[in-house]
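Novice: To start, I am sharing the structure in question, which I have written as structure tokens.
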Amino acid sequence: MNPWLVLGPVILLLIVLGFVTYAIFFERKVLGWIQGRIGPNRVGPWGLLQTVADVLKLLLKEDVTPKKADLALFKLAPALAFIPAFAILAVIPFTDTIQFADFAVGLLYYLALSSVTIIAILVGGWSSNNKYALLGGMRSAAQMISYEIPLVMSVVGIIMTVGSLNLNEIVEAQKEVWFIFPQAIGFVVFLIASISELNRTPFDLPEAESELVAGYHVEYSGFRFAFFMLTEYVYMFAMASLTTVLYLGGWNAPFGLTFIPPIVWFVLKFGFIVFFLIWLRGTFPRIRVDQLMQFAWKVLLPLALLNILVTALLKEVPFLGKFY
Amino acid sequence: MSFQFSGEFIAFFILSVMAICGAVFMINATRVIHMALSLAFTFFSIAGIYLLLEAEFLAVIQILIYTGAVSILMLFGIMLTKHKEEEQPSISSWHSIISFCATGALFGLLIWVIYRSPLVSQAPQKAAATVGQLGGSVFKQYVIPFELTSVLLLVALVGAVILAKREGKK
């Protein structure tokens, strides 16, 4: 048997854990700089070990379970949330050689599996037997379902242009022009919907501290809480990778700078998206609940449909047709 | 009949046991939310079986629609209503006898149909249908049934909106 079949996912898991550790650190540092503070700087040189210390503290914490919770579901929910988050990474092409599964319907696979996490969030919120957790879980699920529709619709333009759902072929099709230019409307819709899917500011209503204490994971502590946080940041990793693959040309080098290896290009574009997400968190206030749903159904969905229509029309125009 | 213990067979075995277990849990669970979740689990296992049959698109759509959307809709419905009470088993003995007979009859009918229909999978066609071919046949060959279904769904949607609006006015 090919040893990479076993080793590859383990290495990916370690890379993802490393990413999560330093994404949290980086987020706190950047937020600190945006707000004119220094950020974490006590543990280790330049505060580099801050997250490691935080994770250790979480692991050593007492594992509290509410007395009236539905025990089986309460324990199942964190694992159920994390598994799809990691499973979707299988189809992401990091470079033309580093990819785990060249799946014919890779893009749909990503979108389908990520919806399983919504069940986990609902179950986690419900089984805690706490009204804040239940409300947070409901809000989270409602928001993620509503924004999943514009998210799926916005990538239809790309699927029409490439004629395939395979992520490798989508990257190959961006050799000349990245899809961010011909699919500008689709990109904006995708970006907004993806931030909402990630439950990040300005769409972090499920975790609105001032209204809901902390959302669906109020009752979780220690290791289980760590799993929910891990899921959130693994999704950030996956979504940033997907945005890079779909709109920023994946591993393709811009301006013919091919002497820099493809993985470096991928990491650069990926890092920019992650920074962008943190930047948004530092600058935007939280959106209101009623505005949230209206925005998804009355603004994003029509825009995504318009994008599909425009793509279909421009495909037939003689000169522009080659970009679509 | 001889079984080959290939990876495919083992995967099929595990997935079918998962699907059946989900269905049995669904019937035996006392809390409604456990039922909904075991149903979602069954849907998920069936998607795995589709994947084994090389129907990738169908498998992914099964997860997206059934495991994702339909299950979440059911969970929402359950959570927004009362959830403390457990369902009381209120089935009398004659009821279960009638159900047993009906299920047995259905099972017999299904087996009869399966044995009557000729099995086409003797020579498996290797070129599995791609998503493009699927789209082509839906939008070219079967375009009128497709459009009719869309109109039906639209009518249902408009009806739901009207019903919801009337309730709001009261």
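Coordinate-derived values only; no laboratory data. Values in this document were obtained by computation on a predicted structure and should not be read as measured data. Note that each Cβ is placed from the backbone with ideal geometry, even for glycine, and that neighbours are counted across all protein chains shown.
Novice: Can you give the local net charge around A:ALA53? Use residues other than it whose beta-carbon is closer than 14 angstrom to its beta-carbon, Lys and Arg +1, Asp and Glu -1. The partial results should precede the final answer.
Specialist: On the way: positive: A:ARG28, A:ARG42, A:LYS57, A:LYS61; negative: A:ASP54.
Neighbour charge sum, excluding A:ALA53 itself: +3.
Novice: A further question follows. With the alpha-carbon atoms as the only input, what is the per residue convex hull volume for the range A:54-203 in Å³?
Specialist: Working: hull volume 21.3 nm³, N = 150.
Per-residue hull volume (Cα only) is 142 Å³.
Novice: Looking at the square roots a ≥ b ≥ c of the eigenvalues of the Cα gyration tensor of the range A:33-135, which shape do they give, rounded for a/c under 1.5, prolate if a/b is larger than b/c, or oblate? Before the final figure, lay out each step's value.
Specialist: Working: a/c = 2.20, a/b = 1.06, b/c = 2.09.
Oblate is the answer for the range A:33-135, as a/c is 1.5 or above yet b/c matches or exceeds a/b.
Novice: Another question, then. Once label points are set 7 Å from the Cα along Cα→Cβ at both A:ASP290 and A:THR65, what is their separation, rounded to one decimal in nm?
Specialist: Once both label points are built, they end up 4.2 nm from each other.
Novice: While we're looking at this one, here's another question. Give the long-range amide H neighbours of A:ALA253: residues separated by 5 or more places, or on another chain, with amide H under 5 Å away, using H modelled in the peptide plane at 1.01 Å from N.
Specialist: It is none; the list stays empty.
Novice: Would you mind computing, in nm to one decimal, how far apart the modelled labels at A:ILE34 and B:SER16 are, each placed 7 Å from Cα along Cα→Cβ?
Specialist: 5.4
Novice: For a Förster distance of 51 Å, can you work out the FRET efficiency between the beta-carbons of A:ILE15 and B:LEU110, rounded to the nearest 0.05?
Specialist: 0.55
Novice: Shifting gears a bit: Among the lysines in the range A:1-135, how many pairs, 8 or more places apart or on different chains, have alpha carbons under 18 Å apart?
Specialist: Values: A:LYS61/A:LYS75; A:LYS67/A:LYS75; A:LYS67/A:LYS131; A:LYS68/A:LYS131.
So the count works out to 4.
Novice: Residue-wise, which Karplus ³J(HN,Hα) couplings in Hz belong to the range A:290-304, taking 6.51 cos²θ - 1.76 cosθ + 1.60, θ = phi - 60°, and x for glycine or proline?
Specialist: For the range A:290-304, the Karplus curve yields 5, 5, 4, 5, 4, 4, 5, 7, 9, 10, 5, 5, x, 4, 5 Hz.
Novice: How far apart, in nm, are the 7 Å Cα→Cβ label points at A:THR283 and A:VAL188?
Specialist: 1.5
Novice: Which whole-angstrom value gives the distance between the alpha carbon centres of the range A:271-324 and the range A:1-24?
Specialist: Going from one Cα centre to the other spans 31 Å.
Novice: Just how many % of Cα pairs in the range A:273-324 lie over 13 Å apart, if you round to the nearest whole percent? Provide the component values of the computation, followed by the final result.
Specialist: On the way: 950 of 1326 pairs.
So the portion of pairs separated by more than 13 Å is 72 percent.
Novice: Given +1 on the Cβ of Lys and Arg, -1 on the Cβ of Asp and Glu, and no further charges, what dipole in debye does the protein assembly as shown carry about its Cα centre, rounded to the nearest 20?
Specialist: On the way: 31 positive and 28 negative charges, 201 e Å.
Computed charge dipole of the protein assembly as shown: roughly 960 debye.
Novice: Now for a separate question. Each residue of the range A:98-108 in turn: what ³J(HN,Hα) in whole Hz from Karplus with 6.51, -1.76, 1.60 and θ = phi - 60°, glycine and Pro shown as x?
Specialist: Working through the residues one at a time gives 8, 7, 8, 9, 8, 8, 5, 10, x, 5, 5 Hz.
Novice: For chain A, with a Gaussian network of springs between Cα atoms less than 10 Å apart, report the residue from A:THR311, A:THR65, A:THR244 with the top mean-square fluctuation.
Specialist: Maximum fluctuation in the GNM of chain A, among the listed residues, is at A:THR65.
Novice: Across bins of 5 angstrom width beginning at 0, how are the C-alpha pair distances of the range B:1-80 distributed, in whole percent?
Specialist: 3, 17, 20, 21, 17, 11, 6, 3, 1, 0, 0
Novice: Tell me, in nm to one decimal, what length is gained between B:PHE9 and B:ALA102 on full extension, where the rule is 0.36 nm per residue of separation less the Cα-Cα distance?
Specialist: On the way: separation 93, 0.36 × 93 = 33.48 nm, distance 3.17 nm.
Full-extension gain reported as 30.3 nm.
Novice: Report the calculated FRET efficiency for B:THR30 and A:ILE98 (r = Cβ-Cβ distance, R0 = 35 Å), to the nearest 0.05. Present the calculation step by step, with values, prior to reporting the outcome.
Specialist: On the way: r = 48 Å, r/R0 = 1.38.
After rounding to 0.05, the efficiency reads 0.15.
Novice: Give the angle, between 0 and 90 degrees and rounded to the nearest 10, that separates the Cα long axis of helix A:222-247 from the longest principal axis of the Cα atoms of chain A.
Specialist: Orientation of helix A:222-247: about 10 degrees from the principal axis.
Novice: Here's something else I'd like to know. Debye calculation, C-alpha points only, no solvent: report log10 I(q)/I(0) for the range A:116-177 at q = 0.12, 0.24, 0.26 Å⁻¹, in the same order as the q values.
Specialist: -0.49, -0.89, -0.97
Novice: Specify whether the C-alpha gyration tensor of the range A:1-85 places it in the rounded, prolate or oblate class, a ≥ b ≥ c being the square roots of the eigenvalues: rounded for a/c under 1.5, otherwise prolate if a/b is larger than b/c and oblate if not. Write down the numbers at each step before the final one.
Specialist: Working: a/c = 2.37, a/b = 1.21, b/c = 1.95.
Oblate.
Novice: So if R0 is 25 Å, what FRET efficiency would B:SER117 and B:ALA23 give, r being the distance between their Cβ atoms, rounded to the nearest 0.05? Before the final figure, lay out the partial values.
Specialist: Details: r = 24 Å, r/R0 = 0.96.
After rounding, the FRET efficiency stands at 0.55.
Novice: What length, rounded to one decimal in nm, is gained on full extension from A:ILE83 through to A:ILE263, with 0.36 nm per residue of separation minus their alpha-carbon distance? Could the numbers behind the result be given before it?
Specialist: Numbers: separation 180, 0.36 × 180 = 64.80 nm, distance 2.55 nm.
Extending this stretch completely gives an extra 62.3 nm.
Novice: Tell me the Kirkwood radius of the protein assembly as shown: reciprocal of the mean inverse pair distance over distinct alpha-carbon atoms, in Å.
Specialist: 25.3
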